[in-house]
Amino acid sequence: MAEPLTLYKLIILYMLDKVNFPLTNSQISEFILDKGYTTYFHIQEAINQLIDSELLEMSTVRNSSRYRITPKGEETIHYFQNEISPEIQEEIIEFFNSHAYELRNEVSTIADYYKKNADEYEVRCQVIERQSYLIDMTLTVPTKEAATTICSRWQEKSQEIYAHIMGELL
């Protein structure tokens with residue numbers, strides 16, 4: 001039986017190995033905390049050790065950390081996945097089966113902004129599917145408030161905007 005921290009790391013690797021998109025810190029934490037496996041602090045410790053060991057890659061979008069398993073992480077989980085009980089593996093699969101659309105939509109619809117110059121901001125809106133960009137659009141806006149509003153609304157409006165653009169162009 002694996003040590004507790006090792007088990008948490010294996011659970012995280014197993015989760016990321018079962019999806020073809022990154023997971024956010026909150027998505028990983030939600031599953032592990034809801035199941036009562038450990039505390040938030042142990043999850044963060046496990047994630048940090050996995051990054052330090054180059055088993056995970058982290059990217060940040062608007063204060064949200066996203067994690068993707070590395071080839072070294074895939075190799076590790078395939079070698080050690082038997083250290084995770086079949087019950088936990090099944091719970092992870094069930095979690096993904098019942099939440100796959102929401103999880104994928106949350107991480108594949110990205111919007112972020114940055115200051116372009118003294119009086120303009122650029123907002124980059126993306127929809128990513130299977131590591132390809134369906135849409136990658138940059139807008140210049142006059143205020144930070146406009147930039148944050150666009151970023152906030154992109155998640156809910158991206159499909160409608162994409163369909164409209166495709167309809168107009170095709």
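The values are calculated or read from the model by the stated rules, or taken from the named source; none is laboratory data. This one's a predicted model, so the numbers in the text were calculated from it and none came from an experiment. So basically every Cβ, Gly included, is an ideal-geometry build from the backbone, and we count neighbours across all protein chains shown.
Below are the figures for this structure:
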read-out: Verdict on SER152 being small (Gly, Ala, Ser), under 30 Å from LEU13 (Cβ atoms) and outside the structural domain of LEU23 (by TED's automatic domain parsing); value: no
read-out: Some residue of segment 7-22 being among the polar types (S, T, N, Q) and in contact with a helix residue (DSSP H, G or I) (Cβ under 8 Å, 6 or more places away or on another chain); value: no
read-out: Residue that is of a type outside the set (D, E, K, R), in contact with a Pro (Cβ under 9 Å, 6 or more places away or on another chain) and in a strand (DSSP E or B), where the choices are TYR133, TYR121; value: TYR121
read-out: Positions within segment 11-30 being out of contact with any Ser or Thr (no Cβ under 8 Å at 6 or more places or on another chain) and β-branched (Val, Ile, Thr), in sequence order; value: ILE11, ILE12, VAL19, ILE28
read-out: The lone exception for PRO142 - which of (1) modelled with pLDDT under 90; (2) out of contact with any helix residue (DSSP H, G or I) (no Cβ under 6 Å at 6 or more places or on another chain) it fails; value: (1)
read-out: Number of the exception - ALA111 against (1) loosely packed, with under 11 Cβ neighbours inside 10 Å; (2) in contact with a Cys (Cβ under 6 Å, 6 or more places away or on another chain); (3) among the small types (Gly, Ala, Ser); value: (1)
read-out: Cβ pairs under 9 Å, 6+ apart, first in segment 1-25 and more than 28 Å from THR109 (Cβ to Cβ) and surrounded by fewer than 17 Cβ atoms within 10 Å (Cβ to Cβ), second at pLDDT 90 or above and among the aliphatic types (A, V, I, L, M); value: MET1/LEU7; ALA2/LEU10; ALA2/ILE84; LEU5/ALA46; THR6/ALA46
read-out: Whichever residue in segment 39-75 is in contact with a Lys or Arg (Cβ under 9 Å, 6 or more places away or on another chain) and hydroxyl-bearing (Ser, Thr, Tyr) and, among such residues, is surrounded by the most Cβ atoms within 10 Å (Cβ to Cβ); value: SER53
read-out: Search result, residues across segment 111-142 that are in contact with a strand residue (DSSP E or B) (Cβ under 7 Å, 6 or more places away or on another chain) and of a type in the set (Ser, Thr, Tyr); value: TYR113, TYR114, TYR121, TYR133, THR138, THR140
read-out: Matching residues, segment 89-101, being of a type in the set (Val, Ile, Thr) and crowded, with 17+ Cβ neighbours inside 10 Å; value: ILE92
